1. So which pairs qualify, if the first residue must be in region 10-37 and at positive phi, the second must be more than 16 Å from ligand 1 (Cβ to nearest atom) and assigned to a loop (DSSP other than H, G, I, E, B), the Cβ gap must be under 7 Å, and the two must be at least 6 apart or on different chains?
2. Any idea which of (1) assigned to a loop (DSSP other than H, G, I, E, B); (2) more than 16 Å from ligand 2 (Cβ to nearest atom) is the one residue 19 doesn't satisfy?
3. When you check residue 511 against the structure, is it outside any loop (DSSP other than H, G, I, E, B) and either surrounded by fewer than 14 Cβ atoms within 10 Å (Cβ to Cβ) or within 16 Å of ligand 1 (Cβ to nearest atom) (or both), yes or no?
4. Helices (runs of 4 or more DSSP H) wholly in region 246-326 with at least 1 residues that are under 27 Å from the mean Cα position of the chain (by Cα) - which ones?
5. I'd like to check something: does region 45-52 contain any residue that is at pLDDT 95 or above, in a loop (DSSP other than H, G, I, E, B), within 16 Å of ligand 4 (Cβ to nearest atom) and not assigned by TED's automatic domain parsing to the domain that holds residue 459?
6. Go through 403, 398 for me and flag whichever is in the same structural domain as residue 95 (by TED's automatic domain parsing), touching a helix residue (DSSP H, G or I) at 6+ places or on another chain (Cβ under 7 Å) and surrounded by 24 or more Cβ atoms within 10 Å (Cβ to Cβ).
7. Within region 135-148, is there a residue that is under 18 Å from residue 297 (Cβ atoms) and in contact with a helix residue (DSSP H, G or I) (Cβ under 9 Å, 6 or more places away or on another chain)?
8. Condition test on residue 706, is it modelled with pLDDT under 95, in contact with a strand residue (DSSP E or B) (Cβ under 6 Å, 6 or more places away or on another chain) and outside the structural domain of residue 400 (by TED's automatic domain parsing)?
Ligand SMILES: Nc1nc2c(c(=O)[nH]1)N[C@H]1C(S)=C(S)[C@@H](COP(=O)(O)OP(=O)(O)OC[C@H]3O[C@@H](n4cnc5c(=O)[nH]c(N)nc54)[C@H](O)[C@@H]3O)O[C@H]1N2
Ligand SMILES: Nc1nc2c(c(=O)[nH]1)N[C@H]1C(S)=C(S)[C@@H](COP(=O)(O)OP(=O)(O)OC[C@H]3O[C@@H](n4cnc5c(=O)[nH]c(N)nc54)[C@H](O)[C@@H]3O)O[C@H]1N2
Ligand code: SF4
Ligand SMILES: [Mo]
């Protein structure tokens with residue numbers, strides 16, 4: 001007799017990854033098994049398609065190498081020898097070790113480290129705070145990604161309020177500045193293309209000829225980290241030629257005359273010398289920006305991953321104010337939509353019921369913190385979840401050295417045996433998005449996305465929050481807010497947040513569960529940010545001059561300064577270092593997916609792009625193995641010789657797993673752990689490396705896939 005065919009049910013979900021799009025998904029489930037994973041065809045931003053990374057998500061969920069039960073280290077740290085243990089044993093061991101550490105050193109000796117494996121309210125937000133506050137653990141300064149830009153946008157404009165992507169079609173001019181949406185914000189691309197078909201000019205400002213830049217009407221290629229000067233140069237021309245909107249500035253801007261004076265220092269000739277962009281091009285772009293209205297400036301976080309990133313974004317935010325384009329449909333700033341909803345901090349964290357965090361450790365300094373920078377007490381236990389710092393965080397060699405400390409007790413909660421999990425004492429198996437429930441607030445579109453658990457956890461995997469509930473219980477914490485099921489947490493945060501967030505009017509747990517996608521409640525359907533002329537800053541205006549910056553000991557006016565790493569004099573020639581930019585890979589999300597065979601195959605051999613002139617002077621040929629090296633460390637990659645990168649600049653995508661690379665390293669063995677000018681920002685791209693050819697270590701011969709990628713894919 002044939003087995004009965006089980007009915008298929010469709011469960012609404014949300015892509016959990018660190019991507020502005022937060023796609024709405026549909027999971028088809030038969031029995032306990034997900035049989036199909038697809039985009040919601042009716043969602044106005046997802047529009048029925050998923051990116052190349054997440055389309056094969058079922059391959060991730062059902063990957064044969066998923067971690068499905070807890071493991072205890074039996075070999076040396078990092079050796080990869082494990083024994084299977086039960087959850088009861090794992091939780092008892094972790095709680096026992098922590099209680100001992102707390103008794104001897106205090107809670108500050110425990111450091112939770114999490115970031116963006118999922119962006120869910122509960123599995124990342126709440127899970128990053130509640131248990132740790134209760135424990136009195138060290139806090140983590142979460143500044144690896146876009147901290148400087150977020151702070152600069154909030155200081156200048158008052159809030160992170162991106163427009164509706166559909167408004168891009170109304171723009172006459174769109175400047176994409178240091179941002180590569182073809183890979184990193186793919187659902188914006190159809191809107192940009194539609195705009196171009198309508199006659200909109202698309203300008204891309206990026207040292208690299210990216211997939212996005214290939215589609216632009218104009219591509220300007222500044223020297224890295226000179227964008228602040230370029231923006232001030234444009235402002236110079238706008239004021240000098242009377243293209244500024246003085247009537248608007250008088251009403252809506254604080255310190256516009258001071259900005260005018262500051263910009264006077266950035267004449268086109270000086271800016272040309274700094275940026276490498278011809279003075280005539282600077283003048284021409286300023287004239288275009290001052291006359292083509294509405295004009296949109298769209299950027300993300302890549303441009304600010306430099307030592308001067310905060311001031312750079314301050315200068316970018318000043319541009320639309322100078323031409324009166326804020327609050328205009330199709331104009332303004334398109335950065336993040338994260339400010340439409342502010343979750344109630346107390347409901348998320350319950351910090352008011354806990355001791356104040358004893359200290360905060362900047363996540364970019366993890367290696368330093370584990371190797372002596374942090375004392376009294378030193379970090380004795382590290383708990384990593386939703387992050388892969390060995391492969392994703394800067395100065396990775398130092399992190400590995402820290403993780404090898406015998407007196408450090410490391411727990412990693414993961415879906416896979418990552419570069420970081422390999423160094424754990426205990427590894428806990430984590431659920432994927434199909435096996436957990438969560439609420440997502442996108443940073444690139446304007447709907448809440450609810451993710452309903454679609455299938456039971458694989459093996460013994462547990463969600464972050466369920467694991468924390470177990471750990472809280474084992475630690476003897478009996479606060480009800482450490483015991484709630486996930487739905488109760490979401491309800492509590494929603495209920496506490498609704499009164500202060502008009503955008504949450506009518507949003508309930510029940511509605512989210514029923515509808516999956518719930519648009520924000522705006523005063524009117526086509527609402528444009530800042531159209532009411534209200535800027536939630538201390539002055540109520542756009543703060544071109546910003547006391548908030550001065551209070552931080554920083555220049556209250558935008559200015560440009562060369563990052564220290566670049567300022568050092570270097571002799572020209574084959575030993576001259578190149579600036580290494582390590583931007584997003586098309587088929588990975590930082591290190592997530594960089595272990596999925598089909599996606600790894602699409603990216604090809606780990607590579608670095610080098611300009612033909614730089615290659616020739618170093619004796620590097622296309623396809624040669626090269627070593628990138630500086631005082632922090634080295635890694636080896638395959639050279640792709642191309643004028644897609646300008647002279648003096650090398651580009652290698654982020655995300656590769658060291659343990660899947662022939663040299664056991666990746667680009668982050670070279671990246672700086674220096675802190676940027678604002679908000680503790682990472683400075684990945686303010687990085688110089690010497691590049692030279694080396695004998696090939698057993699590198700796989702799949703250059704073809706890399707070459708195919710460079711020919712540039714659209715999906
Ligand atoms: N496919 C894919 N998508 C992703 C990610 C991923 O890893 N892969 N990561 C996600 C995350 S975590 C984030 S934060 C976002 C980031 O989104 P983006 O900011 O769009 O991505 P990046 O590739 O980091 O940087 C964008 C561009 O900045 C350029 N750039 C670097 N330095 C400079 C500079 O000094 N001046 C100028 N003008 N340009 C510069 C790089 O060449 C790069 O093309 O993307 C998200 N989406
Ligand atoms: N060189 C270089 N490095 C960079 C950057 C750069 O520009 N250049 N960009 C930086 C940026 S912008 C960012 S945001 C960071 C991101 O760095 P990380 O936040 O460390 O992100 P990932 O590398 O994607 O690692 C996330 C991990 O979380 C796991 N995970 C996913 N979901 C869950 C879950 O529900 N529970 C648990 N326990 N685990 C889960 C995944 O399997 C994955 O291993 O990387 C930074 N790294
Ligand atoms: S990574 Fe971004 S584009 Fe891809 S499915 Fe997730 S939200 Fe959509
Ligand atoms: Mo990021």
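The values are calculated or read from the model by the stated rules, or taken from the named source; none is laboratory data. Please read these numbers as outputs of a predicted model, since none were measured by experiment. Quick reminder, even Gly has a Cβ in these numbers, built from the backbone with ideal geometry, and neighbours come from all protein chains shown.
1. Hits for this filter: 31/6.
2. That leaves (2) as the condition not met.
3. Answer is no for this residue.
4. 268-275, 309-322
5. yes
6. Unique residue meeting the criteria: 403.
7. There is at least one residue in region 135-148 that is under 18 Å from residue 297 (Cβ atoms) and in contact with a helix residue (DSSP H, G or I) (Cβ under 9 Å, 6 or more places away or on another chain).
8. Judged against the criteria, residue 706 is a match.
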